[in-house]
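What follows is a single structure, written as structure tokens, with notes after it.
The values are calculated or read from the model by the stated rules, or taken from the named source; none is laboratory data. This is a predicted model, so every value here is computed, not measured. No Cβ is skipped: glycine too gets one built from the backbone with ideal geometry, and neighbour counts run over all protein chains shown.
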Amino acid sequence: ELRLLPHRRPIDTVVGAPIAVPMVSEPTDEEVERVHRQYCEALTELFEQYKTRFRVPKEATLTFI
């Protein structure tokens, strides 16, 4: 049977709290790095909080590349 659409699979999504970022016309590298660090920390917290709910092993860690 020819299918034009891929197999259906559930997509699990978790949404965290918003990160307040002030409007800056020309942010410094330090300001960008600070917000990026906040974002990565928030993603890590969400991953740790919800990983077992989505059948990810407890010992799994999140790695940013």
> Taking the range 17-65, which residues are of a type outside the set (Lys, Arg), free of Cβ contacts under 8 Å to residues at least 12 places away in the same chain and touching a helix residue (DSSP H, G or I) at 6+ places or on another chain (Cβ under 7 Å)?
Replying inline: VAL24, ALA60
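In the range 1-19, how many residues are at pLDDT 95 or above and over 23 Å from ARG53 (Cα atoms)? Step through it out loud before you land on a result.
To start, the set of residues in the range 1-19 that are at pLDDT 95 or above comprises 14-19.
Imposing the further condition that a residue be over 23 Å from ARG53 (Cα atoms) reduces the set to 19.
Number satisfying all stated conditions: 1.
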>> Consider the range 12-65. How many of its residues are among the β-branched types (Val, Ile, Thr), loosely packed, with under 13 Cβ neighbours inside 10 Å and part of a helix (DSSP H, G or I)?
In response: 2
>> Can you tell me how many residues within the range 45-64 are of a type in the set (A, V, I, L, M) and under 11 Å from the mean Cα position of the chain (by Cα)?
In response: 2
